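Trainee: Let me give you the structure first, and then I'll get to my questions.
The values are calculated or read from the model by the stated rules, or taken from the named source; none is laboratory data. If you're wondering where the values come from, they're calculated on a predicted model, not measured in any experiment. With ideal geometry, Cβ positions are generated from the backbone for all residues, glycine too; neighbour counts draw on all protein chains shown. Ligands, DNA and RNA are excluded from the accessible area calculation, which covers all protein heavy atoms including side chains. Shrake-Rupley method; radii C 1.70, N 1.55, O 1.52, S 1.80 Å.
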Amino acid sequence: MPAYTRITFDRRDVQALNACHVVTADGGFDDWVDSNDYSGGVGTQNRGEDYWVRVNNGGVSELYLDVHAMDDEIPSFANAVYVDLDYGHEGIPRTVRRAVAFRAGADLVEEAAIQIPDNARLYNVETKAEEMRSKAEELLEVYEVDL
């Protein structure tokens, strides 16, 4: 039964794990991706293997390592794992495009010289711009990284 330790990446939307160098008892490193002694990969279909990468709906990517697959006599867990990965989206995600549109709309609403037709609804320009900025912030929230 695997017992995983989790490492959260600063990069989102991991697509491929090219190398996963894990420290050994003698202070060297084994590349778990390149070795036939270890199995795993990106995606939940690899759950239960020696290593796997989970990408949640917000794009947050986490590497799970089975501690039972690691050497028992590791001198220190500090700097114990080094990875090479491919990440990101092809193109710009829809949420980012929408957020940019909302921010642009907020700027236009504030800068526009407004003429009001006779049968139109009136909106407070500042309130509408703030609503658009708030929606943009909400859409971009999933891309914020806590440092």
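Trainee: On the given criteria, is Ser35 open to solvent by less than 50 Å² (accessible area, probe 1.4 Å) and in contact with a helix residue (DSSP H, G or I) (Cβ under 9 Å, 6 or more places away or on another chain)?
Mentor: No: the conditions fail for Ser35.
Trainee: Part of a helix (DSSP H, G or I), more than 27 Å from the chain's Cα centre (by Cα) and modelled with pLDDT of 80 or more: is that true of Ala129 in this structure?
Mentor: Yes; evaluated as a whole, the condition is true for this residue.
Trainee: Restricting attention to segment 72-88, which residues are loosely packed, with under 12 Cβ neighbours inside 10 Å and of a type in the set (A, V, I, L, M)?
Mentor: Selection gives Ala78 alone.
Trainee: Follow-up question, since we're still on this one. Any idea which residue in segment 12-28 is most open to solvent (accessible area, probe 1.4 Å), counting only those that are more than 16 Å from Tyr51 (Cα to Cα) and of a type outside the set (Lys, Arg)?
Mentor: Filtering segment 12-28 for residues that are more than 16 Å from Tyr51 (Cα to Cα) and of a type outside the set (Lys, Arg), the one most open to solvent (accessible area, probe 1.4 Å) comes out as Asp26.
Trainee: I need the full set of residues from segment 38-68 which are among the hydroxyl-bearing types (Ser, Thr, Tyr), touching an Asp or Glu at 6+ places or on another chain (Cβ under 8 Å) and open to solvent by 30 Å² or more (accessible area, probe 1.4 Å), in order please.
Mentor: Listed by number, the residues that qualify are Tyr38, Ser39.
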